[in-house]
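Everything on this sheet refers to the single structure shown next.
A short reminder: the numbers here are calculations on the coordinates, not readings from a lab. Not measured: the values here are computed from a predicted model. Because the Cβ atoms are built from the backbone with ideal geometry, glycine has one as well, and the counts that use them run over all protein chains shown.
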Amino acid sequence: MRLNPNIPWKTRGNAALAVRFGHGSGRNWRIGELPDGPVVAHGRGSPLTPAEAERLESALWETVRSTSRTGEAGTDPAMAVSARRPGPELYRRAVTEVVPVPEARAALEAVGGHVRTLDSSRGIVGAAAALSWPARRRTFELIAYRAPEREVSRRSVDATSVRRAQRRFPELFLCYDPRTRRTLVTPHTPCPILFGLRATRPHRLEAAFRSIRSEPVDRWLIFATNQATGDHVRDVAASEVPPYGAARLTGRVAGPAETGKGGHVRFELEDPSGILTPCLVFEPTKTLPRIARALAPGDSVRVWGGRGLDPQFRVEGIEVRRLSPRWGPPTPPLCPSCRRRTRSLGTARGFRCPACHRRFPPEEAHRERRPPGIEPGTYHPTASARRHLHPLAPEV
């Protein structure tokens, strides 16, 4: 599960995981495979006994302790245990705002839960939010893991087989970016993950996984996730977006867009109350700068993204709702008597025919309507520039 992408102290691969344990019964299905056998999930189950729960918790915490890279900066592992889930409001806040650690701890304690932590207690927020996730919108990801002895070596995943899998299995998404020609299923840092396949449905993930050519897979698991759900954006007024908050803003473009250093584009958005918000579109999104540059004053748009400590809104996507008319520069009118183009007499002084010397007021200038260069619609970054929570979108 992914949390608010605007949080400055998260790592790029930051994620939280929630698992329900018990004595399964009824229908079951395979969701993974470990070196010592398959992993199955059940539709129903009964609770563990207190002794079983205590032994399981101790074993899980020992696994966390032994596998966490606590010597690395920003590693703040935590484990939350609870027989009941905190309310979904905690999750909603964790994907849109900054949740203080004491608040997350209090939410767990309110349902009888408790936590274990190493180093900083910051990991409590992710653990509590994962437990409170309502999963109303969800996607799925199959993660294939490397053998521990191979974690420091270069990954071997055949890019051609990844592209073929995405064509063969339409449930898959964000496997490959056709614009940048980047393969998106593999991490770029040393870690246990070999590759991950994201899908809108879980039923064919294993078949897609079997079609990928790679180095030997040590184990694999299928997870339900909040990736590509857009859960981190909500419609609010610009004045209500807190520092490091995520939101979706609606308004009209207040002035012409400006292209700055590095190709980043800046424009101002005016909301219905008249508040101006500076919006920034980053060049690595590839598709969005062109759209931002084509915006004109008066265009009605909706943008989603987030902000840091400063008020500048970092745009992740643009919905063009309505376009204002585009007009070319004024040109002198034709003299109706001589059919010759008149000449300007200077700013705000009007025009005069060079043949008959007839005068015309400034408002007689002719302006031609120009095509807008864009059409109403929703525009997304190129696939490789999207954040984990970015709403599901075409990958072209």
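What number, in percent, do you get for the relative contact order of the chain if the mean sequence gap of Cα pairs under 8 Å and at least 6 apart is divided by its residue count?
Computed value for the chain: 14 percent relative contact order.
Once amide H atoms are built 1.01 Å from N in the peptide plane, which residues 5 or more positions from His264, or in another chain, come under 5 Å H to H?
For His264, the qualifying residues are Glu283.
Report, in whole Å, the centroid distance computed from the Cα atoms of the range 118-159 and the range 163-219.
Result: 15 Å between the Cα centres.
Neighbour counts of other C-beta atoms within 10 Å: give me Met79, Met1 arranged from fewest to most.
Met79, Met1
Out of Arg164, Arg326, Arg55, any idea which swings most in a Gaussian network model of the chain, alpha carbons joined below 10 Å?
Among Arg164, Arg326, Arg55, the largest GNM mean-square fluctuation belongs to Arg55.
Counting only GluC sites (Glu not before Pro) that sit in a DSSP loop (anything but H, G, I, E, B) with at most 10 other Cβ atoms within 10 Å, what is the longest stretch of the chain containing none of them? Mind dumping the intermediate values first?
Working: sites that count: Glu72, Glu368.
Maximal segment without exposed cleavage sites: 73-367.
Alpha carbon centre of the range 36-67 versus the range 248-272: separation in Å?
After rounding, the separation between the Cα centres reads 51 Å.
Taking H placed 1.01 Å from N in the peptide plane, check which residues at least 5 places from Gly317 or on another chain put their amide H under 5 Å from its amide H.
For Gly317, the qualifying residues are Trp304.
Can you run phi through the Karplus equation (6.51, -1.76, 1.60; θ = phi - 60°) for the range 181-198 and list ³J(HN,Hα) in whole Hz, with x for Gly and Pro?
In residue order, the calculated couplings are 6, 9, 7, 10, 8, 10, x, 10, 10, x, 6, x, 7, 8, 7, x, 10, 9 Hz.
With a 10 Å cut-off between alpha carbons and a GNM built on the chain, which of Gly112, Gly123, Gly350 moves the most?
Greatest mean-square fluctuation among the candidates belongs to Gly350.
Using only Cα atoms and rounding to the nearest 10 degrees, what angle (0 to 90) does helix 101-110 make with the longest principal axis of the chain?
Computed tilt is about 50 degrees.
Could you work out the helix-only [θ] at 222 nm for the chain, with each DSSP H run of four or more residues adding -39,500 (n - 2.57) and the total divided by the number of residues, to the nearest 500 deg cm²/dmol?
So the helix-based figure for the chain works out to -5000 deg cm²/dmol.
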